[in-house]
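> Have a look at the structure that comes next, please.
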2 protein chains.
Amino acid sequence: MTDRLLQQLNTIASLTETEEQAFVAVTTTRRLRKKEWLMRQGDICRMVTFIYSGSLRLFHTVDGEEKTIQFFFENALYTDYLSFLTGQPTLENVQALEDCALVQFSRADLEQLYQQHPVFERIGRISAERAFLSLSARNTLLTNQSPEIRYQQLIQARPDLFQRVPQYHIASFLGIKPESLSRIRKRMATR
Amino acid sequence: MTDRLLQQLNTIASLTETEEQAFVAVTTTRRLRKKEWLMRQGDICRMVTFIYSGSLRLFHTVDGEEKTIQFFFENALYTDYLSFLTGQPTLENVQALEDCALVQFSRADLEQLYQQHPVFERIGRISAERAFLSLSARNTLLTNQSPEIRYQQLIQARPDLFQRVPQYHIASFLGIKPESLSRIRKRMATR
DNA sequence: CCGAATGATTGATTTCGGTTAAGAAATTAC
DNA sequence: GTAATTTCTTAACCGAAATCAATCATTCGG
């Protein structure tokens, strides 16, 4: 399982044999059943998680209501930067949508790697930059476009999502209520 | 001017004399008059800009309408990650709200620094992480809270903003129309 | 100091997504 | 395979912000 994570890292910056070994030494694997939790609001996030298979949903709870922020599928990486970096309790909830196989490593070990092999610092930088870009894109979509456009872009970009995720989670991800998504779909069908 | 930028960098990771000199060698300074442009949609962003004094406004143009994304004041850093990292033309417009004194360095030089002194890689990583966190906070506010709450949080967090920035830019930053902001203010005053 | 331009407020109306409530369809569990 | 639960759709109504339009206030240039 760790192989595929290493592969991903190598696409960011290539690792020597030694660096790969140092990295593998700090990873652990883990399984999660559907509906089990990777993270609950109030936990402290000390791990980076690589999704080898399965899927996760990240959401915040606002006024008792779940606001879906992101979905994670195979080959994605997840960590709560805020909690991971500051040691603060997280505001995030992450739950398995499907059974998952995961690879993890801890913040403490990552700091060690940063010290010992600057290439990981580079990987960390590029990863953070990418996370920023993808958040930025989501931000732009969410604030500049109408729900209908957001929905259209999403089916364009991720048609698979609708096969694997219930519609009311997708509605939440789009920043609207399930009833509204239903209306949008109807509107678009009859046009 | 570059001193204050160095100071900021040193709070992220401390630089040796040599590293400081290498950095200073690649910086240039620049002035901008009110209403002049640092960046226009379609440009390619090759620079990181440190605001020594003055202020800037970053906005996107969507359907002929300006959407203010962010304000920059003294000691802030600006770059368009997307354009800076990929070399793509930017979608961002950045205009001086007040006369500005700026310190800049180029992507090419930064890459050199990354190669020669890993500490800059570290600074780059931490900066990207911070940018992510701050965008994430804005995101949460913008998507989870009503315009009224967003306005309240903003005067709490940045009362100075209202002294330095016209209200219609602030409205745009809050994701609403000037008329609506005016009404929110009236509503709050009479309560 | 005055007129023009810019920025803020106010009012009338419209629009769109939220809310509430019900029922239909699909999935899950026994 | 059927009942129970979950998910999705539909409809009527509501409310907050957008839109449209006018007016007021302030700033700026000459």
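The values are calculated or read from the model by the stated rules, or taken from the named source; none is laboratory data. No experiment lies behind these values; they were computed from the predicted model shown. Here Cβ is always computed from backbone atoms with ideal geometry, including for glycine, and neighbour counts include all displayed protein chains. SASA here: full protein model, heavy atoms, side chains in, ligands and nucleic acids out. Shrake-Rupley method; radii C 1.70, N 1.55, O 1.52, S 1.80 Å.
> Considering each of B:Ala108, B:Ala189, B:Ala96 in turn, give the residue that is of a type in the set (Gly, Ala, Ser), within 16 Å of DNA strand D (Cβ to nearest atom) and more than 15 Å from the chain's Cα centre (by Cα). Don't jump to the end; show me each part of the working.
On the way: B:Ala108 fails: within 16 Å of DNA strand D (Cβ to nearest atom); B:Ala96 fails: more than 15 Å from the chain's Cα centre (by Cα).
Only one candidate qualifies: B:Ala189.
> Something else now. Tally the residues that are of a type in the set (Phe, Trp, Tyr) and in a strand (DSSP E or B), restricting the search to segment A:4-45.
1
> What is the one condition in (1) away from DNA strand C (no atom under 16 Å from the Cβ); (2) within 14 Å of chain A (Cβ to nearest Cβ) that B:Pro89 does not satisfy?
Going through the list (1) away from DNA strand C (no atom under 16 Å from the Cβ); (2) within 14 Å of chain A (Cβ to nearest Cβ), B:Pro89 breaks only (2).
> Give the residues of segment A:32-60 that are open to solvent by 60 Å² or more (accessible area, probe 1.4 Å) and among the charged types (D, E, K, R), sorted by residue number.
A:Arg33, A:Lys34, A:Lys35, A:Glu36, A:Arg40, A:Asp43, A:Arg46
> Only one of (1) out of contact with any strand residue (DSSP E or B) (no Cβ under 6 Å at 6 or more places or on another chain); (2) in contact (Cβ under 8 Å) with a residue 40 or more places away in the chain; (3) at negative phi fails for B:Asn75. Which number is that?
Every condition holds for B:Asn75 apart from (3).
> Next question, about the same structure. Under 8 Å between Cβ atoms, at least 6 apart or on separate chains: pull out the pairs that start in segment B:157-177 with a residue that is within 11 Å of DNA strand D (Cβ to nearest atom) and end on any residue that is in a loop (DSSP other than H, G, I, E, B).
B:Ala171/B:Lys177
> Please identify the pairs in which a residue from segment B:5-16 that is more than 15 Å from B:Glu74 (Cα to Cα) has its Cβ atom under 8 Å from the Cβ atom of a residue that is among the basic types (Lys, Arg) and part of a helix (DSSP H, G or I), counting only partners at least 6 apart or on another chain.
Sorted first by the residue in segment B:5-16, then by its partner, the pairs are B:Ile12/B:Arg122; B:Ala13/B:Arg122.
> For segment B:140-148, does any single residue satisfy the condition of being in contact with a Leu (Cβ under 7 Å, 6 or more places away or on another chain), within 13 Å of DNA strand D (Cβ to nearest atom), free of Cβ contacts under 8 Å to residues at least 60 places away in the same chain and closer than 27 Å to A:Leu91 by Cβ?
Scanning segment B:140-148 turns up at least one residue that is in contact with a Leu (Cβ under 7 Å, 6 or more places away or on another chain), within 13 Å of DNA strand D (Cβ to nearest atom), free of Cβ contacts under 8 Å to residues at least 60 places away in the same chain and closer than 27 Å to A:Leu91 by Cβ.
> Could you tell me whether any residue of segment A:132-144 is charged (D, E, K, R), part of a helix (DSSP H, G or I) and either under 30 Å from A:Lys34 (Cβ atoms) or touching a Cys at 6+ places or on another chain (Cβ under 9 Å) (or both)?
Taking every residue of segment A:132-144 in turn, at least one turns out to be charged (D, E, K, R), part of a helix (DSSP H, G or I) and either under 30 Å from A:Lys34 (Cβ atoms) or touching a Cys at 6+ places or on another chain (Cβ under 9 Å) (or both).
> Please go through (1) in contact with a strand residue (DSSP E or B) (Cβ under 6 Å, 6 or more places away or on another chain); (2) farther than 28 Å from B:Lys186 by Cα for B:Ile69 and return the number of the only condition it doesn't satisfy.
(2) is the only condition that B:Ile69 fails.
> Restricting to segment B:126-144, and then to whatever is more than 7 Å from chain A (Cβ to nearest Cβ) and buried (at least 16 other Cβ atoms within 10 Å of the Cβ), can you tell me which residue is nearest to A:Glu121 (Cα to Cα)?
B:Ile126
> Follow-up. Can you tell me which residues in segment B:70-85 are under 14 Å from B:Leu97 (Cα atoms) and either within 11 Å of chain A (Cβ to nearest Cβ) or surrounded by 16 or more Cβ atoms within 10 Å (Cβ to Cβ) (or both)?
Listed by number, the residues that qualify are B:Gln70, B:Phe71, B:Phe72, B:Phe73.
> When you go through (1) in contact with a strand residue (DSSP E or B) (Cβ under 9 Å, 6 or more places away or on another chain); (2) more than 16 Å from DNA strand C (Cβ to nearest atom) one by one for B:Gln95, which number turns out not to apply?
Among (1) in contact with a strand residue (DSSP E or B) (Cβ under 9 Å, 6 or more places away or on another chain); (2) more than 16 Å from DNA strand C (Cβ to nearest atom), the lone unmet condition for B:Gln95 is (2).
> How many residues does segment B:147-191 contain that are open to solvent by 50 Å² or more (accessible area, probe 1.4 Å), near DNA strand C (Cβ under 10 Å from one of its atoms) and either touching a Ser or Thr at 6+ places or on another chain (Cβ under 6 Å) or within 30 Å of A:Glu66 (Cβ to Cβ) (or both)?
The number of residues fulfilling the criteria is 2.
> Any chance segment B:95-108 includes a residue that's within 11 Å of another protein chain (Cβ to nearest Cβ) and open to solvent by 20 Å² or more (accessible area, probe 1.4 Å)?
no
> Continuing with this model, one more query. Can you tell me which residue is modelled with the highest pLDDT among those in segment B:64-85 that are closer than 17 Å to B:His169 by Cα and part of a loop (DSSP other than H, G, I, E, B)? Show your work before the answer.
The initial filter retains those residues of segment B:64-85 that are closer than 17 Å to B:His169 by Cα, namely B:64-73.
Next cut, part of a loop (DSSP other than H, G, I, E, B) only: B:64, B:73.
On the way: B:Gly64: 86, B:Phe73: 93.
That would be B:Phe73.
> Right, next: Being without any contact (Cβ under 8 Å) to a residue 60 or more places away in the chain, within 24 Å of B:Arg40 (Cβ to Cβ) and out of contact with any helix residue (DSSP H, G or I) (no Cβ under 7 Å at 6 or more places or on another chain) is true for just one of B:Thr86, B:Thr90. Which residue is that?
On the way: B:Thr90 fails: out of contact with any helix residue (DSSP H, G or I) (no Cβ under 7 Å at 6 or more places or on another chain).
None of the others qualify; the one that does is B:Thr86.
> Mind checking whether some residue in segment A:149-172 is at pLDDT 95 or above and assigned to a strand (DSSP E or B)?
no
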